[in-house]
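Beneath this line is the structure, given in structure tokens, with notes to follow.
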Amino acid sequence: RQKAEITLKEVSMVKTACKILGFVLIAAGIVGFFKYDLAGFHLTTIHNIVHLVTGGAALYFGFTTTVAAARMFCLIMGAIYLILGVVGFIAPTLITAIIQAHDADVIMAPDNIVHLLFGAAFLIVGWLAVPQPSAPTESKA
């Protein structure tokens with residue numbers, strides 16, 4: 001019985017993480033339309049739209065799909081956000097061109113750090129939600 005409870009916690013963790021991260025991304029997307037330089041971030045229209053789309057996708061996987069699908073979503077989005085954060089530090093002009101942050105003195109460190117954190121959060125949840133093999137049951141013959 002205890003093993004079933006652990007599995008249930010792992011299941012709810014991946015779906016709950018999708019819901020929480022989805023709400024955070026949607027909130028960032030909405031706020032970014034009104035406060036484009038919030039806390040040093042560069043929330044351009046394209047950046048906000050990406051947050052709304054990825055947040056909506058996270059909510060979709062958190063509320064409606066199977067655990068396996070939510071886990072796969074976490075792994076894929078985690079890899080994307082992690083790569084985005086790394087590329088932001090290595091080639092910041094590429095990222096500023098993509099999100100259309102045209103200021104000459106744009107410092108993307110806050111954005112890159114948040115992307116790394118989101119990537120890590122999605123990946124950790126995706127990896128921790130790996131289905132555990134159930135113990136073989138003894139048959140009474």
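The values are calculated or read from the model by the stated rules, or taken from the named source; none is laboratory data. As the structure is a prediction and not an experimental result, all values here were calculated from the model. We place every Cβ from the backbone using ideal geometry, glycine too, and count neighbours over all the protein chains shown. In case anyone asks, the SASA skips ligands and DNA or RNA and just uses the protein heavy atoms, side chains included. Shrake-Rupley method; radii C 1.70, N 1.55, O 1.52, S 1.80 Å.
If the condition is being open to solvent by less than 70 Å² (accessible area, probe 1.4 Å) and either of a type in the set (F, W, Y) or touching a strand residue (DSSP E or B) at 6+ places or on another chain (Cβ under 6 Å) (or both), then the stretch 22-81 contributes F41, F61, F73, Y81.
Scanning the stretch 1-21 for residues that are assigned to a helix (DSSP H, G or I) and either surrounded by fewer than 11 Cβ atoms within 10 Å (Cβ to Cβ) or modelled with pLDDT under 85 (or both) yields Q2, K3, A4, E5, I6, T7, L8, K9, E10, V11, S12.
Being small (G, A, S) and within 20 Å of L123 (Cα to Cα) is the filter here, so list the residues in the stretch 39-75 that pass it. Outline the logic, then answer.
Keep residues of the stretch 39-75 that are small (G, A, S), which gives 39-40, 55-58, 62, 68-70.
Answer for the stretch 39-75, where residues must be small (G, A, S) and within 20 Å of L123 (Cα to Cα): G55, G56, A57, A58, G62, A68, A69, A70.
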